[in-house]
Structure formats: C-alpha cells, structure tokens
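Comments concern the structure below.
The values are calculated or read from the model by the stated rules, or taken from the named source; none is laboratory data. Note that this is a predicted model, so its numbers are computed, not measured. Note that each Cβ is placed from the backbone with ideal geometry, even for glycine, and that neighbours are counted across all protein chains shown. Accessible surface areas use protein heavy atoms only, side chains included; no ligands, DNA or RNA. Shrake-Rupley method; radii C 1.70, N 1.55, O 1.52, S 1.80 Å.
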Amino acid sequence: MSVSLQQHASLQPFHTFGTEARAAWMAVADSVDALRSLRMDARVRDLPWLILGGGSNVLFASDFEGLVIRMAVRGVEEVDGDTDAWRIRVGGGENWSDVVARLLHSDRPGLENLAGIPGTGGAAPIQNIGAYGVELAERLHSVTVWDGRHDVLHELSPEECEFGYRDSVFKRDGGGSGLPGAELAGPGRVVVAITLRLPRRWAAVAGYAELERELRARGEERPGPREVFDAVLAIRGRKLPDPAVLGNAGSFFKNPIVSREVHAELLAHAPSLVSYPLAGGRYKLAAGWLIDACGLKGYTRGRAGVFEKQALVLVNRGGASGREIWELAQEVQERVRERFGVCIEPEPRIIGG
Ligand code: FAD
Ligand code: EPU
C-alpha cells in the first residue's frame with residue numbers, strides 16, 4: 001500500500017488557531033497499514049513526525065520541518081463488555097464530540113460532562129481531556145497504540161497511561177517524535193484507537209459548581225444524561241469562543257498546582273483568589289483568575305489577544321501569526337510570574353516555541 005505525500009503543505013485549515021504554517025510533508029493515515037507504509041518511505045521515515053487530530057491543542061509558532069500525519073482511522077463499535085460496563089472502541093480519527101452525542105443518542109451515556117470538547121478520539125488520552133468534573137481516564141478501558149519504532153501494536157491500560165491532570169505518559173514520551181515532548185526523528189507512538197468503558201448503572205456527575213448552578217437554573221433537580229449534556233453545552237457556548245469564528249485552542253494554560261504553604265501566602269495577599277483543594281494538601285489555582293487579576297482579560301498584542309469572557313483562552317483576532325500568539329503567551333506568563341510568583345504552563349503542544 002502507498003500513501004500520498006504532499007510537500008510544503010499549508011497547515012492553516014487543519015488547526016483551530018487558524019494561523020499560517022507549513023509542513024515539509026503531509027499525509028493522511030486511515031489505517032495502521034498507512035502508518036507502516038510511511039515508516040518505510042525514504043522521503044519521510046527519518047524526519048520528525050507530528051500526528052495531528054483536530055489541531056485544537058496545538059500552536060504552530062513556526063513551520064514544521066518534518067512529516068505531519070493527519071489521523072483518520074475511523075470506526076465506533078461496541079466490543080465485548082462485562083456485567084458492569086459497556087465497552088466502545090473508537091478510532092483515533094473519530095470526532096470526539098460527535099462520538100459523545102452519538103453514544104448518548106444510542107443509550108450509552110457516561111460522557112456527557114465531556115460533551116463539546118473539540119478534537120479526535122486519538123488525542124483524548126494525550127492530555128487526558130477533562131471538563132465539568134469528569135476526566136477521560138475515568139471512562140477508559142484501554143488505549144491502542146502503534147509503536148512506530150518497532151512496528152508493534154500495544155493495548156495500554158489506564159494505569160500504564162499514567163494519567164494525571166492534563167497529563168499522561170504520552171506527554172512525557174521521550175522516544176519518537178510523534179508525541180508531545182519527543183524530539184527524536186522518525187515515527188513514535190501513535191494512538192490508533194481508544195476503548196471506552198461506560199458503566200451500565202449511570203449516575204449523574206453534577207457536583208461541579210458551575211454545572212450545578214446551570215442545572216438548578218433549568219429546574220433540573222434529578223437530571224438525566226440528556227439534561228447534563230445540554231447544560232454542559234450551554235455553559236461552554238457562553239464562555240468559550242467558537243474556533244470557526246475566533247481562532248483558539250481552549251485553555252491556553254494549565255491550572256497550576258501549588259503547595260499548602262504557597263497557597264496560604266497567596267491567599268494572604270489576594271483573598272479573592274480562586275483555588276481548589278486537592279488530595280495531599282496541595283491546591284489547584286484558577287489560572288484564568290490569575291491572568292484576570294493581572295488586568296489582562298481582553299488585552300490585545302498585535303493581532304493576538306486574551307479572550308474577553310475567559311482570560312485563560314488566547315485568541316487569534318484575525319490574521320495573527322503563530323509567533324505573535326506565542327509572544328503574547330510568554331508575556332502573560334511573565335506578568336503572572338511577576339505579580340504572583342507562580343509559573344503557568346502552556347496546555348497546547350507548541351511547535352517551534
Ligand atoms: P491535536 O491538537 O491535533 O493534537 C494535540 C496533541 O496530541 C499533539 O501533540 C498531537 O501530536 C497529539 N496527538 C493527536 N492525536 C494523536 C494520536 N492519534 N496519536 C498520538 N498523538 C496524537 N481540552 C480539555 O481537556 N477540556 C476542555 O474542556 C477543552 N475545551 C476546549 C475548547 C475549545 C474551544 C478548544 C479549541 C479546545 C479545547 N480543549 C479542551 C483542548 C482540545 O480540544 C483537546 O486537547 C483535544 O483532545 C485535542 O484533540 P485534537 O485531535 O484536536 O488534538
Ligand atoms: N476566572 C476568572 N476570570 C477569568 C476566567 C476564570 O476569575 O477570566 C475564574 C472563574 O470565575 C472560576 C475559575 O476562574 O471561578 C475557573 O474558571 P472556569 O470554571 O472557566 O474553568 P477553568 O479552570 O478556567 C477548566 C479547564 C477547561 C474546562 C473547564 C470546566 C483547564 C486548564 N481548563 O477551565 O478545559 O472546560 O475547567 O471543567 O483545566 C481546556 O483544557 O482547553 C479547557 C477549556
């Protein structure tokens with residue numbers, strides 16, 4: 001089998017910041033065989049590889065001098081479950097929010113808190129997507145990974161994925177360049193499918209304060225999956241920009257986690273600080289609040305800006321370059337560090353930062 005390769009390809013249509021950037025080579029892979037064929041192709045096999053799903057968590061601060069592979073492995077199918085849960089295998093190239101809606105529609109609830117998150121099934125485990133009180137890790141049976149260095153398929157359990165808050169083993173993968181943080185050339189590990197685990201006994205997860213408020217406002221005292229789904233989409237629609245209208249990658253920074261001592265010190269100086277206690281005495285700080293408190297909400301630098309309704313989101317105000325957005329991000333980081341002494345780390349993968 002051979003896969004067609006495009007040279008000097010524009011990436012602009014394939015990522016949600018919508019900035020102009022080029023890939024030295026680009027291909028679409030709809031199967032493991034397609035990945036294998038690229039692995040054998042002398043033009044690209046020794047270059048850095050970058051797997052691209054929906055491009056909703058990536059910033060191209062420069063061109064990519066390697067091979068971009070657009071993930072297009074499809075398929076959503078129910079596989080053998082057990083008495084407690086359904087198992088659904090989702091191809092790495094499936095659209096995540098479509099899958100959530102489709103499963104809900106066919107009486108397979110459990111993902112409604114994760115409704116409306118852009119991107120693909122294959123990218124979902126990379127940062128362990130999360131929203132409104134649920135993380136992917138809690139609904140996952142396994143991740144099917146093609147190890148391009150050795151051309152083998154592995155089925156990883158959630159434990160083997162070492163999931164954390166916006167984190168997984170894939171983000172720390174040093175070998176192979178297909179994944180975040182990896183610098184070596186050639187194919188790395190590619191998520192070709194994930195298998196979800198959806199408990200048959202459904203229970204609403206409605207404790208997230210904003211979701212609870214929304215459900216109450218809608219008069220939903222005992223919400224079902226559809227009501228949670230609708231409420232989550234309504235909240236998201238109010239405060240997150242639609243990438244089709246205003247380029248963005250969702251939260252640009254992760255919420256930083258600090259010790260009890262640092263938290264107490266910050267609170268002494270900023271009593272309205274928004275934070276959440278974690279197990280083990282540490283605290284997660286709302287990075288959006290920190291940026292907002294620096295007076296940066298709505299700030300514009302060149303053609304890049306801090307979103308007016310949610311300071312954690314950086315936007316392309318029209319025609320921005322990836323470099324401009326990256327410079328704005330660094331300025332925001334610096335201002336938060338100066339004011340609070342806290343380092344906020346980018347959430348998206350930065351290419352050429
Ligand atoms: P991409 O941006 O294409 O890739 C992201 C990273 O994963 C890259 O490093 C890429 O190389 C790697 N990757 C992608 N696919 C594969 C694969 N198959 N195998 C190996 N590596 C791969 N995230 C949340 O967690 N919660 C939210 O609530 C949320 N809200 C968002 C709202 C908006 C408006 C936007 C624009 C983004 C939001 N995000 C959120 C971030 C983003 O949607 C998720 O991180 C999503 O999982 C990214 O999917 P993607 O397919 O677009 O990944
Ligand atoms: N806040 C402000 N000013 C702002 C923005 C936020 O004061 O400009 C305050 C809010 O009032 C709130 C707190 O900060 O008290 C937290 O804000 P929000 O509820 O909007 O959540 P977040 O922490 O900013 C996180 C995720 C989102 C996810 C939501 C819901 C991260 C980095 N972000 O946002 O995920 O959808 O919670 O669970 O964890 C993403 O990862 O791209 C993303 C959008």
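Give, rounded to the nearest 20 debye, the magnitude of the charge dipole that segment 6-71 has about its Cα centre when Lys and Arg contribute +1 at Cβ and Asp and Glu contribute -1 at Cβ.
Charge dipole, segment 6-71, about its Cα centre: 120 debye, nearest 20.
Roughly how big is the chain's charge dipole about its Cα centre, with Cβ charges of +1 (Lys, Arg) and -1 (Asp, Glu), in debye to the nearest 20?
600 debye
Based on DSSP, what percent of beta bridges with both residues in segment 6-71 are antiparallel, to the nearest 5?
Restricted to segment 6-71, the bridges split so that about 30 percent are antiparallel.
Pick out, in residue order, every one of the trypsin sites (Lys or Arg not before Pro) in segment 188-275 that is DSSP loop and has at most 10 other C-beta atoms within 10 Å; say none if there are none.
Sparse-neighbourhood loop trypsin sites (Lys or Arg not before Pro): ARG201.
Of GLY116, GLY237, GLY353, which is farthest on the positive side of the dipole of the chain, counting Cα position, with +1 on Lys and Arg Cβ, -1 on Asp and Glu Cβ, and the Cα centre as origin?
GLY237
Report, for the chain, the % of DSSP beta bridges that are antiparallel, rounded to 5.
That works out to approximately 75 percent antiparallel.
Nearest 20 debye, what's the magnitude of the dipole of segment 247-351 about its Cα centre given +1 on Lys and Arg Cβ and -1 on Asp and Glu Cβ? Kindly include the intermediate steps, with their values, before the conclusion.
On the way: 14 positive and 11 negative charges, 41 e Å.
I would put it at about 200 debye.
Just by accessible area at a 1.4 angstrom probe, what is the order of CYS161, CYS343 from largest to smallest?
Solvent-accessible surface, decreasing: CYS343, CYS161.
In nm, to one decimal, how far is the modelled label at GLU327 from the one at HIS269, with both set 7 Å along Cα→Cβ?
2.8 nm
Leaving out ligands and nucleic acids, and using a 1.4 Å probe, what accessible area per residue does segment 247-351 come to in Å²?
46 Å²
Between ARG45 and SER259, 0.36 nm times their residue separation minus their Cα-Cα distance comes to what?
72.6 nm
Would segment 268-353 count as rounded, prolate or oblate if I go by the C-alpha gyration tensor, calling it rounded below 1.5 in a/c and otherwise prolate when a/b exceeds b/c, oblate otherwise?
Since a/c reaches 1.5 and a/b is larger than b/c, the shape of segment 268-353 is classed as prolate.
GNM, the chain, Cα, under 10 Å: largest mean-square fluctuation among GLY55, GLY322, GLY133?
Largest GNM mean-square fluctuation: GLY133.
From the helices alone, meaning DSSP H stretches of at least four residues, give me the mean residue ellipticity at 222 nm for the chain, per-run term -39500 (n - 2.57), in deg cm²/dmol to the nearest 500. Each step should come with its number before you reach the end.
Numbers: 8 runs with 83 residues, N = 353.
Taking each H run of at least 4 residues, the total per residue is -7000 deg cm²/dmol.
Would you calculate the separation in nanometres between label points at GLU338 and ARG102, each defined as 7 Å from the Cα along the Cα-to-beta-carbon direction?
For the pair GLU338/ARG102, the computed spacing is 4.9 nm.
Run the reach check for LYS297 against lysines, Cα to Cα strictly under 17 Å, same-chain hits fewer than 8 apart removed. What comes back?
LYS239, LYS254, LYS309
How much length is gained on full extension from ARG201 to SER4, taking 0.36 nm per residue of separation minus their Cα-Cα distance?
Value of the extension gain: 66.3 nm.
With an 8 Å Cα cut-off and a minimum separation of 6 or more residues, compute the relative contact order for segment 250-299 in percent.
Values: 46 pairs, mean separation 19.5, N = 50.
RCO, segment 250-299: 39 percent.
If you roll a 1.4 angstrom probe over the protein chains with everything in place, what fraction of the accessible area of the chain belongs to carbon and sulfur, to the nearest %?
Details: 7520 of 15810 Å².
On the chain, the fraction of accessible area on carbon and sulfur atoms equals 48 percent.
Given the peptides 164-171, 124-131, 145-152, arrange them by the average over their residues of other C-beta atoms within 10 Å, most packed first. Write out the running numbers ahead of the final one.
Numbers: 164-171: 18.8, 124-131: 22.6, 145-152: 17.2.
Descending mean neighbour count gives 124-131, 164-171, 145-152.
Would you mind finding the longest exposed-site-free stretch of the chain, with exposed GluC sites (Glu not before Pro) meaning DSSP loop and at most 15 other Cβ atoms within 10 Å?
That gives 21-161 as the longest site-free run.
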